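**Student:** Quick one: the structure is below, and I'll ask about it shortly.
The values are calculated or read from the model by the stated rules, or taken from the named source; none is laboratory data. Everything numeric here is computed off the predicted structure, so don't read it as measured data. Here the Cβ is made from the backbone with ideal geometry for all residues, glycine too, and neighbour counts use every protein chain on show. Areas reflect the complete protein model, heavy atoms only, side chains present, ligands, DNA and RNA absent. Shrake-Rupley method; radii C 1.70, N 1.55, O 1.52, S 1.80 Å.
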Amino acid sequence: MRVALWFLGLFGVAVLLALFVSNNEGTITIFWPPHRVDLSLNMVVVLLGLLFLLIHLALRALAALFALPGQARSWRVRHQEQVMHANLIEALSHFVAGRFLRARKAALEVLAREAALSGIGEGGSGAVRLRVMSSLLAAESSQALQDKTARDTHLQQALTQSASPGALGVREGLLLRAVRWALEDRDAAAAQDWFDQLPSGVARRTVALRLRLKLARLTRQPGLALDTARLLVKHRAFTEASGRGLVRALALENIQDARDTEQLQRVWHKLESIEQTMPEVACLAAERLLFLGGEQVTALAWLLPVWERMLMAPDGLTPSQRISLVQALEAAFADTVDSVWLVRIEQAQMAQPGDAVLQYLAGVACLHLELWGKARQLIKQALPRLPDQRLAARAWMMLADLAQRQGDDEQAAQAWQQAAQLALRQDD
């Protein structure tokens, strides 16, 4: 439709021109003494149009002529920018491939070309970011080459350039890299100083939390490390299994670092409920509490959820976790056996008569209640089926003690010999 309208318009103009030209009898006379020139009005109009066209073309030609130096300069700048970007990509390629010397050389070439362009006032809008990223790449290469002096120099150059308006948002990445390098150098003070310069919003990012976790472990702050690990697990920075293992390891470290019962109880109450029910955590916390002189009732209360978990499902605990629970309960029964726990152990042993570990624990309870005969019977029955050499060695030691109480020195000597052999095997 639009083309048809254009054609109609052109035809209309052509008709008007034809009518004007065909019926136009006007003339223009030019007097140039002693000459006289008569021209038709149509000819004058055509000549004026040609003159206007000639002047326009002449001006365009002059403008193009005068613009040649600027175009040549723009072409040279574009060529230099293309070379710089090619060098930057080359530096990145060398860095990824592990050729750090070549990567640093290419990054420095970018900086040199950019400095030359800036010196003649031809720096583009992305010149600041280009300088920062080139300096960062040179610093990364220097870090890989263990050239800390060059790394710090390039890092400072990048930080100085990042203060420019054209490099907003780049400084955060530079600070994160600085924290990482300090952690790689095992320099906790420098890492903490760099980390403190991070904005609060950046410090909550997953990459920053990973760095804070490493920093907390480096500076021996297990409480901070545990809190950070929890945040990382919530952000799904780890798989479920690895996250659970990390939290468990940090909880164990917090418990192991407790120096008195009050500190240990504070650590315990700061743990989340799911962490308190972890068998390794509960067993170590109970053993640590008893070692520090804490109350038996508190230790048994910490072990109760793990005990119930073991009874609810036969595969609720792994064999090593079951053994750790039995050892923790044995340590808790060193002074006296709680009557409630005695009933629990007897019911569990009767419900699972073939479980050697429960049978061993029932024998330990009877031993502390001075039921010598029953204790000896239960321990002897469980001994051949105990899955752990440490429990077996403890069982032989208890049998030796019972034999000595009954005056059977020969049996006691044999039991002590068996216990010693098992202990030697553990050392091997």
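**Student:** Does residue 94 meet the test of being touching a helix residue (DSSP H, G or I) at 6+ places or on another chain (Cβ under 7 Å) and closer than 30 Å to residue 134 by Cα?
**Tutor:** Values: touching a helix residue (DSSP H, G or I) at 6+ places or on another chain (Cβ under 7 Å): yes; closer than 30 Å to residue 134 by Cα: yes.
Spelling it out, residue 94 is indeed touching a helix residue (DSSP H, G or I) at 6+ places or on another chain (Cβ under 7 Å) and closer than 30 Å to residue 134 by Cα.
**Student:** Among 118, 135, 141, which is the only one that is open to solvent by 30 Å² or more (accessible area, probe 1.4 Å) and either of a type in the set (S, T, N, Q) or over 38 Å from the mean Cα position of the chain (by Cα) (or both)?
**Tutor:** Working: 135 fails: open to solvent by 30 Å² or more (accessible area, probe 1.4 Å); 141 fails: open to solvent by 30 Å² or more (accessible area, probe 1.4 Å).
Testing whether each residue is open to solvent by 30 Å² or more (accessible area, probe 1.4 Å) and either of a type in the set (S, T, N, Q) or over 38 Å from the mean Cα position of the chain (by Cα) (or both) leaves just 118.
**Student:** A further question follows. Pick from the stretch 72-122 the residues that are in contact (Cβ under 8 Å) with a residue 40 or more places away in the chain and among the basic types (Lys, Arg): which of them is farthest from residue 155 (Cα to Cα)?
**Tutor:** Across the stretch 72-122, the extreme among qualifying residues is 73.
**Student:** Can you find even one residue in the stretch 30-37 that is open to solvent by less than 90 Å² (accessible area, probe 1.4 Å), part of a helix (DSSP H, G or I) and either of a type outside the set (Phe, Trp, Tyr) or touching a helix residue (DSSP H, G or I) at 6+ places or on another chain (Cβ under 9 Å) (or both)?
**Tutor:** First pass over the stretch 30-37, keeping only residues open to solvent by less than 90 Å² (accessible area, probe 1.4 Å): 30, 37.
Right, trim to part of a helix (DSSP H, G or I) and you get none.
Checking the stretch 30-37: not a single residue is open to solvent by less than 90 Å² (accessible area, probe 1.4 Å), part of a helix (DSSP H, G or I) and either of a type outside the set (Phe, Trp, Tyr) or touching a helix residue (DSSP H, G or I) at 6+ places or on another chain (Cβ under 9 Å) (or both).
**Student:** Still on this structure: For the stretch 169-180, give me each residue that is of a type outside the set (Asp, Glu) and under 14 Å from residue 207 (Cβ atoms). First the steps, then the outcome.
**Tutor:** Going residue by residue through the stretch 169-180, those that are of a type outside the set (Asp, Glu) are 169-171, 173-180.
Of everything in the stretch 169-180, those that are of a type outside the set (Asp, Glu) and under 14 Å from residue 207 (Cβ atoms) turn out to be 173, 174, 175, 176, 177, 178, 179, 180.
**Student:** Let me ask something else. Note down all Cβ pairs under 7 Å where the first residue falls in the stretch 147-172 and is of a type in the set (S, T, N, Q), the second is surrounded by fewer than 18 Cβ atoms within 10 Å (Cβ to Cβ) and at pLDDT 85 or above, and they're at least six residues apart or on different chains.
**Tutor:** If the second residue must be surrounded by fewer than 18 Cβ atoms within 10 Å (Cβ to Cβ) and at pLDDT 85 or above, no pairs are left.
**Student:** Of all residues in the stretch 38-56, which are open to solvent by less than 100 Å² (accessible area, probe 1.4 Å) and part of a helix (DSSP H, G or I)? Walk me through how you get there before you give the answer.
**Tutor:** Start the filter on the stretch 38-56 by keeping residues that are open to solvent by less than 100 Å² (accessible area, probe 1.4 Å), which leaves 38-47, 49, 51, 53, 55-56.
Residues satisfying the conditions are 41, 42, 43, 44, 45, 46, 47, 49, 51, 53, 55, 56.
**Student:** Just checking, which of 252, 290 is in a helix (DSSP H, G or I), within 13 Å of residue 222 (Cβ to Cβ) and either touching a helix residue (DSSP H, G or I) at 6+ places or on another chain (Cβ under 7 Å) or open to solvent by 30 Å² or more (accessible area, probe 1.4 Å) (or both)?
**Tutor:** Values: 290 fails: within 13 Å of residue 222 (Cβ to Cβ).
Testing whether each residue is in a helix (DSSP H, G or I), within 13 Å of residue 222 (Cβ to Cβ) and either touching a helix residue (DSSP H, G or I) at 6+ places or on another chain (Cβ under 7 Å) or open to solvent by 30 Å² or more (accessible area, probe 1.4 Å) (or both) leaves just 252.
**Student:** Sticking with this structure for a sec: Six or more apart or on different chains, Cβ atoms under 7 Å: show the pairs whose first residue is in the stretch 390-412 and over 28 Å from residue 319 (Cα atoms) and whose second is surrounded by fewer than 17 Cβ atoms within 10 Å (Cβ to Cβ).
**Tutor:** Sorted first by the residue in the stretch 390-412, then by its partner, the pairs are 403/411; 405/372; 412/404.
**Student:** Test residue 67 against the criterion of being open to solvent by less than 50 Å² (accessible area, probe 1.4 Å) and assigned to a helix (DSSP H, G or I), and give yes or no. Before you say what the answer is, go through the steps one by one.
**Tutor:** Numbers: open to solvent by less than 50 Å² (accessible area, probe 1.4 Å): yes; assigned to a helix (DSSP H, G or I): yes.
The answer is yes for residue 67.
**Student:** Suppose we filter 8, 19 for residues that are part of a helix (DSSP H, G or I) and modelled with pLDDT of 75 or more; which single one remains?
**Tutor:** 8
**Student:** Still on this structure: Has the stretch 223-243 got any residue that is open to solvent by 40 Å² or more (accessible area, probe 1.4 Å), among the polar types (S, T, N, Q) and farther than 21 Å from residue 318 by Cβ?
**Tutor:** Looking only at the stretch 223-243, we keep the residues that are open to solvent by 40 Å² or more (accessible area, probe 1.4 Å), and these are 224, 227, 231, 233-236, 238-242.
From what's left, among the polar types (S, T, N, Q): 239, 242.
Filter again for farther than 21 Å from residue 318 by Cβ, leaving none.
No, the stretch 223-243 has no match at all.
**Student:** Same structure, new question: Would you tally the residues in the stretch 192-243 being β-branched (Val, Ile, Thr) and more than 14 Å from the chain's Cα centre (by Cα)? Spell out how you get there, then give the answer.
**Tutor:** Residues of the stretch 192-243 that are β-branched (Val, Ile, Thr), as a first pass: 202, 206-207, 219, 228, 233, 239.
With the extra rule that they be more than 14 Å from the chain's Cα centre (by Cα), the set shrinks to 219.
Result for the stretch 192-243: 1.
**Student:** Also, I was wondering about something else. How about the stretch 256-279: which of its residues are open to solvent by less than 50 Å² (accessible area, probe 1.4 Å) and either in contact with an Asp or Glu (Cβ under 9 Å, 6 or more places away or on another chain) or not in a helix (DSSP H, G or I) (or both)?
**Tutor:** Quick first cut of the stretch 256-279, residues open to solvent by less than 50 Å² (accessible area, probe 1.4 Å) only: 257-258, 261, 264, 267-268, 271, 275-276, 278-279.
257, 258, 261, 267, 271, 278, listed by residue number.
**Student:** Looking at the stretch 72-80, can you tell me whether even one residue there is exposed (fewer than 11 other Cβ atoms within 10 Å of the Cβ) and of a type outside the set (A, V, I, L, M, F, W, C)? Step through it out loud before you land on a result.
**Tutor:** Residues of the stretch 72-80 exposed (fewer than 11 other Cβ atoms within 10 Å of the Cβ): 72, 75, 79.
Among the residues that remain, those that are also of a type outside the set (A, V, I, L, M, F, W, C) are: 79.
Checked against the condition, which is being exposed (fewer than 11 other Cβ atoms within 10 Å of the Cβ) and of a type outside the set (A, V, I, L, M, F, W, C), the stretch 72-80 yields at least one hit.
**Student:** Kindly provide the set of residues from the stretch 293-315 that are modelled with pLDDT under 85 and open to solvent by 40 Å² or more (accessible area, probe 1.4 Å), ordered by number.
**Tutor:** Hits for the stretch 293-315 are 311, 312, 314, 315.
**Student:** Ok, one more. Find the helices (runs of 4 or more DSSP H) located wholly in the stretch 316-428 whose residues include 2 or more that are more than 26 Å from residue 286 (Cβ to Cβ) and open to solvent by 60 Å² or more (accessible area, probe 1.4 Å), and list them.
**Tutor:** Numbers: elements: 319-332, 339-351, 356-368, 372-382, 389-405, 409-427.
Result: 372-382, 389-405, 409-427.
**Student:** Anything in the stretch 174-205 that is open to solvent by less than 50 Å² (accessible area, probe 1.4 Å), part of a helix (DSSP H, G or I) and over 17 Å from residue 142 (Cα atoms)? List them, or say none.
**Tutor:** 188, 190, 191, 194, 195, 201, 202, 203
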